[in-house]
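The values are calculated or read from the model by the stated rules, or taken from the named source; none is laboratory data. All values reported here derive from a predicted model rather than from experimental measurement. Reconstructed Cβ throughout: ideal geometry from the backbone, glycine too, with neighbour counts over all protein chains shown. Surface areas here come from the heavy atoms of the whole protein model, side chains and all, with no ligands, DNA or RNA. Shrake-Rupley method; radii C 1.70, N 1.55, O 1.52, S 1.80 Å.
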Amino acid sequence: MNTAANKLTHYAQAGVYVASATQLYATSLSAASINFDCWSVDINATQTAPALLRQIGQALHFPQWYGENWDALADCLTDLSWSEADGFIVILRGCDALHTAQPGLWKTLTDILGEVSDFWRENQIAFWVLVDGAADTLPAFSPDR
C-alpha cells in the first residue's frame with residue numbers, strides 16, 4: 001500500500017485539508033485500491049450558495065430529494081448508505097476563487113464538511129475532504145503523519 005493510501009485508511013485523522021496537486025492525484029489513484037469512493041468537484045466558477053450546492057449535489061450524484069441547502073448537504077453526506085465503500089474522499093478543485101470572493105460562504109462550506117467528517121469519524125469510517133488552494137484557512141494534508 002502506498003503512503004497516500006495508508007494515510008487515507010486512518011479514519012481518526014480524516015478531516016478537511018488543503019493538498020497539493022500531486023497529493024490530490026495520488027489520492028484519487030489510491031481510492032479504488034482501498035475501496036473508497038472518491039468524488040471530484042470543480043467549484044472554480046461557483047460564487048453563490050445555490051450554485052455551489054447544486055455543483056456538489058451533481059458531482060456526488062445526490063438523490064432527487066436533495067434540497068440544495070446546507071441542511072440537505074449535511075443530510076446527504078451523512079447518509080451514504082447506498083455506498084458499499086469502506087471510506088470516502090471529496091476533492092474540491094478551484095477553491096481559491098470562492099475563498100477569496102466569498103469567505104463567509106467558504107467558511108460555511110468547510111464548517112459543514114468538517115462536521116460531516118467528525119460524524120463519520122465517530123462511526124470509525126474515514127471521510128476526507130481535500131482542497132486545492134485556500135491554504136490559509138485549513139491544515140495541510142500530509143501523507144507522512
Original post:
When residues of the stretch 114-134 are filtered for being open to solvent by less than 10 Å² (accessible area, probe 1.4 Å) and among the acidic types (Asp, Glu), how many remain?
Top reply: 0
Original post:
When the stretch 61-74 is examined, which residues are found to be open to solvent by less than 40 Å² (accessible area, probe 1.4 Å) and at pLDDT 95 or above?
Top reply: Ala72, Leu73, Ala74
Original post:
Is it the case that the stretch 41-64 has a residue that's without any contact (Cβ under 8 Å) to a residue 40 or more places away in the chain, of a type outside the set (A, V, I, L, M) and under 20 Å from Pro103 (Cβ atoms)?
Top reply: yes
Subject >> Set Leu92, Leu8, Leu24, Leu77: member being in contact (Cβ under 8 Å) with a residue 40 or more places away in the chain, closer than 21 Å to Asp136 by Cα, surrounded by 14 or more Cβ atoms within 10 Å (Cβ to Cβ) and out of contact with any Lys or Arg (no Cβ under 9 Å at 6 or more places or on another chain) >> reply: Leu92
Subject >> Count of the stretch 16-43 residues which are out of contact with any strand residue (DSSP E or B) (no Cβ under 7 Å at 6 or more places or on another chain) and either among the small types (Gly, Ala, Ser) or part of a loop (DSSP other than H, G, I, E, B) (or both) >> reply: 7
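Checking the conditions here, which among Ala101, Ala31, Ala51, Ala85 is surrounded by 13 or more Cβ atoms within 10 Å (Cβ to Cβ) and over 27 Å from His10 (Cβ atoms)? Before the answer, list the steps.
On the way: Ala101 fails: surrounded by 13 or more Cβ atoms within 10 Å (Cβ to Cβ); Ala31 fails: over 27 Å from His10 (Cβ atoms); Ala85 fails: over 27 Å from His10 (Cβ atoms).
The unique qualifying residue is Ala51.
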Original post:
If you check every pair at least six apart or on different chains, which have Cβ atoms under 7 Å apart with a residue in the stretch 112-123 that is more than 17 Å from Ile56 (Cβ to Cβ) and in contact (Cβ under 8 Å) with a residue 12 or more places away in the chain first and a residue that is open to solvent by 20 Å² or more (accessible area, probe 1.4 Å) and not charged (D, E, K, R) second?
Top reply: Arg121/Tyr11; Arg121/Ala12
**OP:** Check Thr110, Thr137 and return the single one that is hydroxyl-bearing (Ser, Thr, Tyr) and open to solvent by less than 50 Å² (accessible area, probe 1.4 Å).
**Re:** Thr110
